[in-house]
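For reference, the structure discussed in these notes is given below.
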Amino acid sequence: MSSLRIWLDASRPKTLTAAIVPVMTGIALAVRNDLFRADTAVAALLCALLIQIGTNFANDYFDAQKGADTDKRVGFQRATASGLVSPNAMKRAMILTMLAAFIGGLYLVWTGGLIVLWIGLLSILFGILYTGGPYPLGYNGLGDLFVFLFFGIVAVSATYYVQALEWSTDSFLLAVPVGALAVNILVINNLRDVEEDRVTGKRTLGVMFGERALKAEYILMNLLTIPPLFILHQWHGYNAWIFLPLLSFLPFGLLWRQVLFHKEKSSLNQTLERTAQVMVLFGILLCTGLILSV
């Protein structure tokens, strides 16, 4: 395996939709409101991707240090635990990627003010604390909340803010379905790894409450995408195009079947990929509906 391929796999490209879709949504809302700015939109997307990749590198490094990635792993191969990348090299990659995100974010601070600096610093900090630090969020049942807040509420609202230079209730409402679908990527990851996590002491919601809870959470997160659309239509002046994302419920239904009735944990690797793909589909439909719902 080439060095480039190893690092590409370590960045976990299948999960990067969790960074792209929130930014797309914030951009689409700005376009709808005639407040789109190409410079800050591109900068926001770049920073979001770098923070997501840096977080993935941090997860790879800290999970290996804590022994959470074992040779019995059902999920995708991890670079540090498998010996493809040394711990020091992964740690350097994490630091450099987060530093690049910080430097890129300085332009957004210049345009959006100190509030953007605090948002960026917290995003980087919690990306590391997800699996690092004395109380890693992902090891203590807080991973789902972290994903919902930072890949939903923060990412969508901040992307809109750096273009419009004002906060928006609409961006908050749109962040709810986006954050919920990002959580579902983590839910599948935790459902697949629940046995390994239990053995290695990683207290995810699946370990704490069981697989049924994760299956229920997956369906609940999908259903949580619906109410914000109705609120936007009924009380915020959006026309019927805002319901366009509901077309994605056909593939959602197929995924529910895989989640509820899977027989082998290894089959959930494909479910994870499909979950990320349907999040992209939902995001495209949502952005299209937003632009057309004037």
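The values are calculated or read from the model by the stated rules, or taken from the named source; none is laboratory data. Remember, predicted model here, so these are calculated numbers, not experimental data. Cβ coordinates were reconstructed from backbone atoms using ideal geometry, including for glycine residues, and neighbour counts include every protein chain displayed.
Looking at region 157-168, is at least one residue crowded, with 19+ Cβ neighbours inside 10 Å, within 30 Å of Ala64 (Cα to Cα) and not polar (S, T, N, Q)?
The answer is no; no qualifying residue exists.
In this structure, is Asp63 within 24 Å of Val199 (Cα to Cα), at pLDDT below 95, assigned to a helix (DSSP H, G or I) and not β-branched (Val, Ile, Thr)? Spell out the reasoning first.
Values: within 24 Å of Val199 (Cα to Cα): yes; at pLDDT below 95: yes; assigned to a helix (DSSP H, G or I): yes; not β-branched (Val, Ile, Thr): yes.
In short, yes.
Being surrounded by fewer than 18 Cβ atoms within 10 Å (Cβ to Cβ), assigned to a helix (DSSP H, G or I) and among the polar types (S, T, N, Q) is the filter here; which residues of region 76-108 pass it?
Asn88
Hey, can you tell me all the residues within region 184-228 that are in contact with a helix residue (DSSP H, G or I) (Cβ under 7 Å, 6 or more places away or on another chain) and acidic (Asp, Glu)?
Asp197, Glu211, Glu217, listed by residue number.
Identify all residues within region 98-120 that are under 17 Å from the mean Cα position of the chain (by Cα) and more than 22 Å from Phe36 (Cα to Cα); write none if there are none.
Restricting attention to region 98-120, the residues satisfying the condition of being under 17 Å from the mean Cα position of the chain (by Cα) are 98, 101, 119-120.
Met98 - this is the single residue of region 98-120 that is under 17 Å from the mean Cα position of the chain (by Cα) and more than 22 Å from Phe36 (Cα to Cα).
Please go through region 1-23 and give me each residue that is in a helix (DSSP H, G or I) and within 13 Å of the chain's Cα centre (by Cα), ordered by number. Working first, answer last.
Going residue by residue through region 1-23, those that are in a helix (DSSP H, G or I) are 3-10, 13-15, 17-23.
Correct list: Pro13, Lys14, Thr15, Thr17, Ala18, Ala19, Ile20, Val21, Pro22, Val23.
May I ask you to verify whether Val199 is surrounded by fewer than 23 Cβ atoms within 10 Å (Cβ to Cβ), hydrophobic (A, V, I, L, M, F, W, C) and modelled with pLDDT under 95? If you could, list the steps in order and put the result at the bottom.
Working: surrounded by fewer than 23 Cβ atoms within 10 Å (Cβ to Cβ): yes; hydrophobic (A, V, I, L, M, F, W, C): yes; modelled with pLDDT under 95: yes.
Spelling it out, Val199 is indeed surrounded by fewer than 23 Cβ atoms within 10 Å (Cβ to Cβ), hydrophobic (A, V, I, L, M, F, W, C) and modelled with pLDDT under 95.
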